[in-house]
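The values are calculated or read from the model by the stated rules, or taken from the named source; none is laboratory data. Computed from a predicted structure; not experimentally measured. With ideal geometry, Cβ positions are generated from the backbone for all residues, glycine too; neighbour counts draw on all protein chains shown. Accessible surface is based on the protein model in full, side chains and every heavy atom, while ligands, DNA and RNA are left aside. Shrake-Rupley method; radii C 1.70, N 1.55, O 1.52, S 1.80 Å.
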Amino acid sequence: TDRTTTVVGLTAYILDGLAERKTSNYDEWNAQLAERIEESPDHRRYMIYMRKGVRWHDPEPAMLAEHPWLKEPHFVTARDVKFTIDLLRHPDAGSPLAYLFDNLEDVILHDDHRLEIVWKTPDFYARATTLTTGPIPEHIWAYDPNGQRYSDADIAAQFGKHWFGKSVCGNGPLRFVEYKRGEYVRCERDENYYDQRFPSKTYYMHIINDDEARL
């Protein structure tokens, strides 16, 4: 699709961020992957306390059949958040989101469940960028198809052509299961989700390419 809002709408169900804005008050936030966030008085430093026990989804069945090493369960940690930010801002990754981190000073990993995000100045985007960061799984994106870790120098260079790039592994209420080109995207409810479960067991997003037929 060329409809960015459609993609964002679907990934909002599949991939949780550290926090999300409250629909009742856009200035306030609901915790998601971050159990608690402490913001410094000068609005430059954010101490993130990650929620424990949040599992990454099992990848889609076709991926699991081709790469059985992906079946091992993994949990979302502060390391995934640091990995994601470091990757997105790396020049070799070619990410269109790199500009969001132009004002970033440092990401300090304290342990698996605590990290600190530090900005050079209290930039307008700093809070929103920090809180809406949606991590991607290091246990997939740092590894080759055989489950061997890329060298540090190669991780960012592989990002735009990564073997997992046509799939998605999330941590939200819906798990990506199947994409049939030009027809639909199919997801299933994640029964291990840490928060309120999605109301239906299966979710389809039908792809209707003809504008009049879609309406």
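Which three extents, in angstrom, do the Cα atoms of segment 93-215 have along their principal axes, listed largest first?
49, 37, 34
Please go through segment 131-194 and write out the trypsin sites (Lys or Arg not before Pro) that DSSP classes as loop and that have at most 14 other C-beta atoms within 10 Å.
Answer in residue order: 166, 181.
Considering the values (1) 1.54; (2) 1.27; (3) 1.05, which represents Cα Rg over 2.2 N^0.38 Å as calculated for the structure under consideration?
Read-out taken from this structure: (3).
Once every DSSP H run of n ≥ 4 in the chain is given -39500 (n - 2.57) and the sum is divided by its residues, what mean residue ellipticity at 222 nm do you get, rounded to the nearest 500 deg cm²/dmol?
Roughly -6000 deg cm²/dmol at 222 nm, from the helical runs in the chain.
To check my understanding: the extent here is largest minus smallest coordinate of the Cα atoms along each principal axis. What are those three numbers for segment 158-215, in Å, largest first?
Principal axes ranked by extent give 39, 36, 13 Å for the Cα atoms.
For the Cα atoms of the chain, what angle does the longest principal axis make with the long axis of helix 4-14, in degrees from 0 to 90, nearest 10?
80 degrees
Probe 1.4 Å, all protein chains in place: accessible area of residue 75 in Å², nearest 10?
110 Å²
Could you name the aspartates and glutamates whose alpha carbon sits less than 20 Å from that of residue 71, not counting residues in the same chain fewer than 8 places away?
By straight Cα distance, residue 71 reaches 58, 60, 80, 138, 144, 178, 188, 190, 191.
Please calculate how many Å² of accessible area the chain carries per residue, with a 1.4 Å probe and no DNA, RNA or ligand atoms counted.
58 Å²
How big, in percent, is the set of alpha carbon pairs in segment 129-187 lying more than 12 Å apart?
Working: 1258 of 1711 pairs.
Above the 12 Å cut-off, segment 129-187 has 74 percent of its Cα pairs.
Under a 5 Å amide H to amide H cut-off, with H placed in plane at 1.01 Å, what residues pair with residue 184 once short-range neighbours are removed?
207
Over all alpha-carbon pairs in segment 1-94, figure out the percentage whose distance exceeds 23 Å.
Summing the P(r) tail past 23 Å for segment 1-94 gives 44 percent.
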